[in-house]
Amino acid sequence: MAKYKIKNNFNFRVKRSDKKRPVVVVDAAHLGGAYKGTFVSASTLDGAGCILPLAYGVVDTENDCSWTWFFENFKNAFGERENMCIVSDRNESIIKSVSIVYPNVPHCACIWHLWKNVCSSFKRSKKTLSDIFYSMAKAYRKEDFDKLMAKVVKVDHRVKDYLEEAGYEKWSRVHSTINRGRMMTSNIAECINGCLVDARKLTIIDFLEEARLLFGSWNYKNREIASYTKDTLGRRFEEILIVNASKSSKMKVFINFIDFLFYVVPSSEYIFTVHEAGKRYIVCLERKTCTCGRFQHDEIPCAHAIAVLKHKNVTNLHPYCSDYYKPYALEKTYEVVMVPMPDKDDWNVPEYVLDEIVRPPRYRRLAGRPRKRRKKNADEKITVNNNYCGQCGQEGHNRRTCTFFPKEN
């Protein structure tokens, strides 16, 4: 009976494209209309670092049956791809549904939600371990990860046990079995939920139309930007390449030698040693790897690789970047147009759909006035608008009370 209800209350849309990284972020948000419900979505990032919605729908509530049905329909449209993973919070229904529908696809945890779980379980250690945890999750080398984990043990060994039980491969970049790129959190899904806050108060048909209009406008804007991108990478990744190039100007490059039994033998023309701040990094241009880990994980030349390429008088860095960031892949992503919905009077609805009676989910209204915003946790930062002086630029006072510049008589 639960499946029947979900099937009839679910409105599914998916956008097909083969030129997207198979890192899928899923999340859910409650509807605020008269009959409630839950909005579920799947999204990813395109080659320019912009949000690309893949599928969305409405179910009655977050449970095993709802998520299983969502992933079954998503799999029919999107399929199962190589190096694919699904990122979400640690919702048990999502984890269970992924294991059923995608048994060969790993489930990865959002590091922000995981950290919130750590904060709720180990409140005394959260202030000390916040920066250490995020650095540990984003570390590119196991040596750096182990050093940071040793600091965690000194503060509270229970945190290490908790993170180890959660599975390093689910939240750590360096232990992950697939390349998550820069999608370490479910922030892109949270952004979609944030953009639809007001629309979630509408009736179901109006809400789905607002969602389609929003995603259609994003699709059109990103397609237009992709048409202008011809000689550079996607916007976000071109910026990363520029930052790495500026860092490489401070490094020195030496031809690599291998010491073996007191003999010095030059290696191939693709292997170089780069010294930075007393540390030595080995770059292999043929395999597109660096011992810092960034070259192979980000699939963009790191600062050490760019220093080597400059040494070889190579000016075009794009051949050493992933095809995923290149203009033709970005254009391929948006070649499928989101077709507008016709007027309701022109809908061609099959008879078997008209014969089905769809009832709203059971709903019991709570006492009191409905809340407009969610309850924030005590550890969430509250943003305060601070005043800045128009004369000295300092924070905490204004031009009238400024003491740095005396008033003119």
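The stretch 49-187: percent of C-alpha pairs farther apart than 26 Å? Walk me through the numbers on the way to the answer.
Numbers: 2828 of 9591 pairs.
Value for the stretch 49-187 (Cα pairs over 26 Å): 29 percent.
Over the Cα atoms of the stretch 94-162, Rg to Rh with Kirkwood Rh, two decimal places? Intermediate results must be reported in sequence, preceding the final value.
Details: Rg = 14.1 Å, Rh = 13.4 Å.
My calculation of the ratio gives 1.05.
Given a 1.4 angstrom probe, what's the average accessible area per residue across the stretch 150-204, in square angstrom? Each step should come with its number before you reach the end.
Values: 2810 Å² over 55 residues.
Result: 51 Å² per residue.
Give the cross-link partners of residue 154 among the aspartates and glutamates, using a straight C-alpha distance below 13 Å as the criterion and excluding same-chain residues fewer than 8 apart.
Reachable aspartates and glutamates: 146.
Carbon and sulfur together cover what percent of the accessible area of the stretch 22-178 at a 1.4 Å probe radius? Provide the component values of the computation, followed by the final result.
Values: 3160 of 6680 Å².
Ligands and nucleic acids excluded, carbon and sulfur give 47 percent.
For a protection proxy built on the mean count of beta-carbon atoms within 10 angstrom, sort 64-75, 188-199 highest first, please. Walk me through the numbers on the way to the answer.
On the way: 64-75: 19.8, 188-199: 16.9.
By packing density, highest mean first, the sequence is 64-75, 188-199.
Note down the nm distance, to one decimal, between modelled labels 7 Å out along Cα→Cβ at residue 228 and at residue 134.
3.1 nm
What fraction, in whole percent, of alpha-carbon pairs in the stretch 17-91 exceed 16 Å separation?
Of all Cα-Cα distances in the stretch 17-91, 51 percent exceed 16 Å.
Listed highest first by mean packing, meaning other Cβ atoms within 10 Å per residue, what order do 204-214, 37-47, 84-94 come in? Mind showing how you got there, number by number?
Numbers: 204-214: 16.6, 37-47: 22.7, 84-94: 19.6.
Ranked by mean Cβ neighbours within 10 Å, highest first: 37-47, 84-94, 204-214.
Using the heavy atoms of the protein chains alone and a 1.4 angstrom probe, what is the accessible area of the stretch 30-93 per residue in square angstrom? Could you put the intermediate results ahead of the total?
Values: 2150 Å² over 64 residues.
Averaged over the residues of the stretch 30-93, the accessible area is 34 Å².
For residue 315 and residue 100, FRET efficiency with R0 = 30 Å and r from the beta-carbon atoms, rounded to 0.05?
Values: r = 51 Å, r/R0 = 1.69.
Efficiency computed from Cβ-Cβ geometry: 0.05.
The values are calculated or read from the model by the stated rules, or taken from the named source; none is laboratory data. Predicted model, so just to flag it, every value in this text is computed and none were measured. Using ideal geometry, Cβ is built from the backbone for each residue, glycine included, and neighbour counts are taken over all protein chains shown. These accessible areas exclude ligands, DNA and RNA; they are computed on the full protein's heavy atoms, side chains included. Shrake-Rupley method; radii C 1.70, N 1.55, O 1.52, S 1.80 Å.
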